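The structure under discussion appears below in the form of structure tokens.
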């Protein structure tokens, strides 16, 4: 009974299946944790959703920014972009079943020894605050208000967490922190523009969110994806698992029990 955690798949299902075969993943005994962005730029977004959904309770998914964007596209809020390669999902006979399954997945998931989300946890948050922020998003996504949230989530503001934020401001900030965050400014506010590797960014004005000096220390390490330019990061507090498979890099999977990493080179090089 092992726990395997994998970074952004983005429709790279063939690579995922190869690595699962390499580790002898058992659909009956093991659990696969997925750090968001199941869909988008890779060739098999539809097949990826179907496969992960078929794993039932043995797959633990958190939503990424591309997954949320697919929900927006499914509602007609945004058009389908050819580069996202998600049109097959929208034309599939099981489209609504897949969309409903996706919007019932969490923003933050927990194992007794780690937490997992797509981009990270705001440096301003305690774990309790992060849990509450995630549950607020998840509650709306699961009920009839979900269209309202998806329609109104697109904004880079507010960039800082404050107690006096209204409901929509709190939800926007939370979605950005959980699914889009990379850098923060010296005051801890989120930067939504820079996607560079940390060593190429202006270190006087931008810091990776996990290096912010006043970041709240959590009781569990944070596992995340989203930031392919990091090419992975590993320490006692954070583990980054997006190593850019969809961009010609490789897919990375961690077996939690022995902290062993497994990789599969992209087939789209």
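Structure above, values below:
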read-out: Highest-first arrangement of 138-145, 160-167, where packing means the average Cβ count within 10 Å; value: 138-145, 160-167
read-out: Peptide ranges 23-34, 191-202, 242-253 listed from the most packed, as the mean C-beta count within 10 angstrom indicates; value: 242-253, 23-34, 191-202
read-out: Residue 195-residue 57 FRET efficiency (beta carbon distance; Förster radius 41 Å; 0.05 resolution); value: 0.75
read-out: MRE, 222 nm, helices only [DSSP H, n ≥ 4, -39500 (n - 2.57), over the chain, to nearest 500]; value: -8500 deg cm²/dmol
read-out: Share, in percent, of DSSP beta bridges within the chain that are antiparallel, nearest 5; value: 55 percent
read-out: Gyration tensor verdict on the chain (Cα atoms; rounded if a/c is under 1.5, prolate if a/b is larger than b/c, oblate otherwise); value: rounded
read-out: Centre separation in Å (Cα based) which lies between segment 194-213 and segment 239-255; value: 20 Å
read-out: Separation in nanometres of the label points that stand 7 Å from Cα toward Cβ, at residue 257 and residue 92; value: 3.1 nm
read-out: Cβ-derived FRET efficiency at R0 51 Å, residue 167 paired with residue 28, nearest 0.05; value: 0.75
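Coordinate-derived values only; no laboratory data. Note that the structure is a prediction, hence the values are computed from the model and not measured. All Cβ positions, glycine included, derive from the backbone under ideal geometry; neighbour counts span all protein chains shown.
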